[in-house]
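Beneath this line is the structure, given in structure tokens, with notes to follow.
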Amino acid sequence: MAIFKIEKTDTPTPDDRRAELIANPAFGRVFTDHMAMIRYTADKGWHDAKITARRPLSIDPASTVLHYGQEIFEGMKAYREAEGGIATFRPEANAARFAASARRMGMAVLPEDLFIQAVDELVKVDQAWVPSGKGQSLYLRPFMISNEVFLGVKPATEYLFIVIACPVGAYFSSGAVSVWVSEHYTRAAQGGTGEAKCGGNYAGSLVAQLEAKEKGCDQVLFLDAKNHRFVEEMGGMNVMFVRNDGKIVTPPLGGTILRGITRDSLIHLARESGIEVVEKPIEIDELFEGAASGRYVEAFACGTAAVLSPIGKLVRPSGEAIFGDGVNPGPLSLKLKEKLVSIQTGKTETNKEWIHSIFLK
């Protein structure tokens, strides 16, 4: 266990103002008072671990992250449990994925136990910011940037690891979302950084997201880079489909799709409930034909921010694929979401190994 220096802010948010802010927070707009920070240099390794006041960073204009994009991040949540405690959901999986992302991006690898400790220490200090309302949680954003002052294409020798937090409600409004199928832009290719959770993957998806908005859709779905035939993932979430035989079908992991922790958890819960989950390539034409024939009856996106978001329809220039009534969540989608959320919020005794309790001071 590392020793974290605690440097609390001199200007904490007043209790009444904090209560007002967390009552109905917009996603990713309201932040807690503190952040965790750890530095890395090639000669000293990981050092200077601390919880400090959240404040702007001061970096050199020649900092390598600004020029070569060595940056990775994670998304996770802390939940207020019924008895008042606080817990995170499968943080060891986030820590492992963060380490894998670092290796893929040629960055220093943060020890997984130190990753979890940094999150825990921040939550302990900012525990009053964890909301207790239905569907609310404290969203945690661990990230790392290269911070060497150098212009040249090589892996940096200095890094900054930070965790910030914000109280959040639902990512999407209630009801099913509409999704634009991008036929021109791709998210990732074999040999690329699709499995790494790095900012560049998301930056490259934004133009397609703008196109989706122009078409009146909430999100975008990407196809494979080689043939533009097979479903991969959405702009920030994995995707699954339910057939009329009760089976769930989802694209297989293979280097271009992020290893979603929510995806993995839902697959586990479905199989635990006796539902068959098939991981196989899904042709977009087959999906549209199957929706029209009634073979595909539900669709949903899944990820940390949204948990599980029903998809009402897919849209492309040649037409639409409607799932269910196109408006309301399907029964299997609702069942899986309720089961997962009940575990995350400590309302059930099942899958307790996924819950990491934070022992508050």
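The values are calculated or read from the model by the stated rules, or taken from the named source; none is laboratory data. Source: prediction; values computed, not measured. Counting neighbours? That spans all protein chains shown, and the Cβs are built from the backbone with ideal geometry, glycine included. Calculation scope for accessible area: heavy atoms of the full protein, side chains included, ligands and nucleic acids excluded. Shrake-Rupley method; radii C 1.70, N 1.55, O 1.52, S 1.80 Å.
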- Which order do 124, 44 take when ranked by solvent-accessible area (1.4 Å probe, heavy atoms of all protein chains), largest first? 44, 124
- Task: Please work out the C-alpha center-to-center distance from the stretch 15-41 to the stretch 311-342 and express it in whole Å.
- Result: 32 Å
- Query: If the cut-off is 24 Å between C-alpha atoms, which lysines fall inside it for residue 134, apart from same-chain ones fewer than 8 positions away?
  - Reply: 77, 124, 335, 337, 339, 347, 352
- Message: Between residue 66 and residue 202, what is 0.36 nm times their sequence separation minus the Cα-Cα distance? Round to one decimal in nm.
- Response: 47.4 nm
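Of the listed peptides 279-286, 133-140, 85-92, what is their order by residue-averaged count of other C-beta atoms within 10 Å, with the highest listed first? Display every interim value, and only then the final one.
Numbers: 279-286: 15.1, 133-140: 19.2, 85-92: 21.0.
With the highest mean Cβ count within 10 Å placed first, the list reads 85-92, 133-140, 279-286.
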- Calculated FRET efficiency, residue 96 and residue 325, Cβ-Cβ r, R0 35 Å, to nearest 0.05? 0.35
- What is the gain in length, in nm to one decimal, between residue 352 and residue 293 on full extension, counting 0.36 nm per residue of separation less the C-alpha to C-alpha distance? 17.2 nm
- Note on the structure: Helix 91-104 sits off the longest principal axis of the Cα atoms of the chain, rounded to the nearest 10 on a 0 to 90 degree scale, by 90 degrees
- Might you report the magnitude of the Cβ-based charge dipole of the chain about its Cα centre, with Lys and Arg at +1 and Asp and Glu at -1, to the nearest 20 debye? 220 debye
- Could you please state how large a percent of the accessible area of the stretch 5-168 is carbon and sulfur, counting protein chains only and using a 1.4 Å probe? 51 percent
- Query: Which ³J(HN,Hα) values, rounded to whole Hz and listed in residue order, are derived for the stretch 64-76 from phi using the Karplus coefficients 6.51, -1.76 and 1.60 in 6.51 cos²θ - 1.76 cosθ + 1.60 with θ = phi - 60°, glycine and proline given as x?
  - Reply: 5, 4, 6, 10, 10, x, 6, 7, 9, 7, 9, x, 8
- Using packing as a proxy for protection, rank 15-27, 207-219 so that the peptide with the highest average count of other Cβ atoms within 10 Å comes first. 207-219, 15-27
- If Lys and Arg each add +1 and Asp and Glu each add -1, what is the summed charge of the other residues whose beta carbon sits under 11 Å from the beta carbon of residue 236? +1
- Taking Lys and Arg as +1 and Asp and Glu as -1, residues besides residue 60 with C-beta under 12 Å from its C-beta add up to -2
- Percent carbon-and-sulfur accessible area, the stretch 177-345, ignoring ligands, DNA and RNA, probe 1.4 Å: 51 percent
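Add -39500 (n - 2.57) for each DSSP H run of 4 or more in the chain, then divide by its residues: what number comes out at 222 nm, to the nearest 500 deg cm²/dmol?
-7500 deg cm²/dmol
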- Which label marks the calculated value of volume of the Cα convex hull per residue in Å³, given the options (i) 154; (ii) 142; (iii) 125? (ii)
- Search the structure for amide H atoms under 5 Å from the amide H of residue 54, placed 1.01 Å from N in the peptide plane, and list their residues when 5 or more places away or on another chain. 34, 35
- Considering only protein heavy atoms, what per residue accessible area in square angstrom results for the stretch 177-345 with a 1.4 angstrom probe? 40 Å²
- Task: List the residues of the stretch 37-72 whose backbone N lies under 18 Å from a point placed 7 Å from the Cα of residue 104 along the Cα-to-Cβ direction.
- Result: 69-72
- Query: At a Förster radius of 30 Å, what calculated FRET efficiency corresponds to the Cβ-Cβ distance of residue 44 and residue 128, to the nearest 0.05?
  - Reply: 0.35
- Cα-projected label distance for residue 10 with residue 277, points at 7 Å along beta-carbon direction, nm: 5.1 nm
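Rounded to the nearest 20 debye, what is the charge dipole size of the stretch 98-176 about its Cα centre when +1 sits on each Lys and Arg Cβ and -1 on each Asp and Glu Cβ? Write down the numbers at each step before the final one.
Numbers: 6 positive and 7 negative charges, 63 e Å.
Charge dipole of the stretch 98-176: 300 debye, to the nearest 20.
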- Item | Computed lengthening from residue 153 to residue 26, 0.36 nm per intervening residue step minus Cα-Cα distance | 41.9 nm
